[in-house]
Amino acid sequence: MPDHKEWYKLDLSAIVYPTLQRRDFSSTYRLSVLLKEEVDPDLLQQAVDVTLPRFPTYKAAIRKGLFWRYLEPNDRPGPFVTPDVKNPCQPMSFKANNRYLLRVYYYHNRISLEAHHSLGDGTGGMCVLMTMTAEYLRLLGHTEIQNGGFVLDVNEKPDPEELEDAYMRYANSKICPPRPGEKTYRIRGTKEPFYTLNIIDGIMSTSEVAAVSKRYQCSITEYFNAVLLYALLKKQAKDKRFHVKPVRIAMPVNLRRFFPSKTLRNFITMIYPGVDPRLGEYTFEEIVAQVHHYMRYYVNDKFLRADITTNARTQSHPLIRVVPLFLKDFVVRQFYTKVQDRNSSAGLTNMGALNVHESMRPYIERIDICMGQPFSSRTNCAIISFGDVLTVNFASSIVEADVERYFFRKLVKDGIHVKVESNREIPEASES
């Protein structure tokens, strides 16, 4: 193994992602920024070459040891800027692309970054993308672009805190809460051919969504969770299953909101808002109330600290540490497939409102996020806003789009104007 100053142990979340790697699946997400002018690929490549050394845990390759995987510096050429593809977030081999675990694409005025979750979460990836975009704009001649927020100074050395496994600093709760173990409703659909990822984007006004959320007396995140649960309930009813099951959403929480950290690596944990239709029929207002009170009860520093402590204690157990990697992989894969993945019916993440320095704002039209390919046959939903433009992205690997259709119909029924874009054929009108 390289000198201790030159390699990075995978963080607490990143340990799981390589274990789930398959020929047809990688834990990959995509972040995109839409500029107001066409992208120059040559200048974008220069921006990538200047930016990436500032992020050593992203300019890295994943390696396998006897007991654990780790990241080591990657000085090979690349990653190289390429034209965008129709099906994003394709499986990312650890040995392909000169061992880089990220890709940079361009299409007209859009710059996209795809990253493997082993490197970091959406916050870290957004820092890489926005710093790269700022460098690109400066190369175009917009020298007034300033650092700040997600834009870091490429001439500064990384803060040691940016590289830390922040989980281990805060995993000190005295109790470890149990995990949800009951199986949930799973979408039954026609699996798409290999390498096919269906993307549906809903573009709407942030202020309209905020007004509707206020009407329901909940936050924007709670409102979108409620709408997705409503859509899943409608889908389960349409399936006419003999036994109905609970409907639950897997939602990552950005722990930086509760525990101060500058880390650019993974620092999230999962919560599972949901409803149980076996108890009776839910109105939408009841779903909103259920989600609202769940969030208020679970999303706080005490519960979140206890949750990450559970994971940390498992990893640091003396017996676990000496088990060979291939046995760890087998156990984790079996647990995730048979237990963890069945705890939720869909995934939803909300990065919230993205703020950039005023000097950069005039050059950006909107920002998008995609959670990437789901591990199983279901849909993943990702939300982000920039100014008054809010984007809801659905990604799935099944043909049917019933959940997405119920979701957007509910938004329109609530008075939100939605423009829909997709990489697939949409049989209905694209704007409501």
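Within segment 112-133, one or more residues are of a type in the set (Ser, Thr, Tyr), part of a strand (DSSP E or B) and closer than 29 Å to Arg424 by Cα.
Considering segment 328-432, the qualifying strands (runs of 3 or more DSSP E), each wholly inside and each with 3 or more residues that are in contact with an Asp or Glu (Cβ under 6 Å, 6 or more places away or on another chain) and in contact (Cβ under 8 Å) with a residue 40 or more places away in the chain, run over 389-396.
Consider Thr28 carefully, then state whether it is touching a Ser or Thr at 6+ places or on another chain (Cβ under 6 Å), β-branched (Val, Ile, Thr), crowded, with 22+ Cβ neighbours inside 10 Å and under 29 Å from Thr269 (Cβ atoms). Judged against the criteria, Thr28 is not a match. The set of residues in segment 155-201 being in a loop (DSSP other than H, G, I, E, B) and in contact with an Asp or Glu (Cβ under 7 Å, 6 or more places away or on another chain) consists of Asp165, Pro177, Arg188, Gly189, Thr190, Phe194.
Scanning segment 57-84 for residues that are assigned to a strand (DSSP E or B) and within 21 Å of the chain's Cα centre (by Cα) yields Ala60, Ala61, Ile62, Leu71. Of the candidates Glu222, Glu164, Glu192, the single residue that is assigned by TED's automatic domain parsing to the domain that holds Val418, buried (at least 16 other Cβ atoms within 10 Å of the Cβ) and charged (D, E, K, R) is Glu222.
Report yes if Ile199 is touching a Cys at 6+ places or on another chain (Cβ under 7 Å) and crowded, with 17+ Cβ neighbours inside 10 Å, otherwise no. Spelling it out, Ile199 is indeed touching a Cys at 6+ places or on another chain (Cβ under 7 Å) and crowded, with 17+ Cβ neighbours inside 10 Å. Taking first residues from segment 233-259 that are aromatic (Phe, Trp, Tyr) and partners that are outside any loop (DSSP other than H, G, I, E, B) and surrounded by 15 or more Cβ atoms within 10 Å (Cβ to Cβ), the Cβ contacts under 6 Å between residues at least 6 apart in sequence or on separate chains come to Phe258/Leu304; Phe259/Tyr170.
Residues are listed down the side, and each one gets a yes or a no for (1) over 18 Å from Tyr17 (Cβ atoms); (2) in contact (Cβ under 8 Å) with a residue 40 or more places away in the chain; (3) not aliphatic (A, V, I, L, M):
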| site | (1), (2), (3) |
| --- | --- |
| Pro56 | yes, yes, yes |
| Leu66 | yes, yes, no |
| Pro79 | yes, no, yes |
| Thr82 | yes, no, yes |
| Val85 | yes, no, no |
| Cys89 | no, yes, yes |
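Residues considered: Ala250, Ala237. Of these, the only one that is modelled with pLDDT under 95, aliphatic (A, V, I, L, M) and over 24 Å from the mean Cα position of the chain (by Cα) is Ala237.
Here Lys64 meets the list (1) touching a Gly at 6+ places or on another chain (Cβ under 7 Å); (2) closer than 24 Å to Phe326 by Cα almost entirely, failing just condition (1).
Every condition in (1) more than 26 Å from Asp307 (Cβ to Cβ); (2) surrounded by fewer than 17 Cβ atoms within 10 Å (Cβ to Cβ); (3) among the hydrophobic types (A, V, I, L, M, F, W, C) holds for Cys176 except the one numbered (1).
The condition of being of a type in the set (Gly, Ala, Ser), within 18 Å of Asn423 (Cα to Cα) and either at pLDDT 95 or above or out of contact with any helix residue (DSSP H, G or I) (no Cβ under 7 Å at 6 or more places or on another chain) (or both) does not hold for Ser359. For residues that are surrounded by fewer than 18 Cβ atoms within 10 Å (Cβ to Cβ), within 24 Å of Asp341 (Cβ to Cβ) and not acidic (Asp, Glu), scanning just segment 376-404, find the one that is farthest from the chain's Cα centre (by Cα). Per the criteria, the residue is Val399. Looking only at segment 208-234, filter to residues that are under 25 Å from the mean Cα position of the chain (by Cα) and assigned to a loop (DSSP other than H, G, I, E, B); which one of those is farthest from Val392 (Cα to Cα)? So the residue we want is Cys218.
The values are calculated or read from the model by the stated rules, or taken from the named source; none is laboratory data. All figures in this text were calculated on a predicted structure; none of them were measured in a lab. Neighbour counts are summed over all protein chains in view; Cβ atoms, including those assigned to glycine, are modelled from backbone coordinates with ideal geometry.
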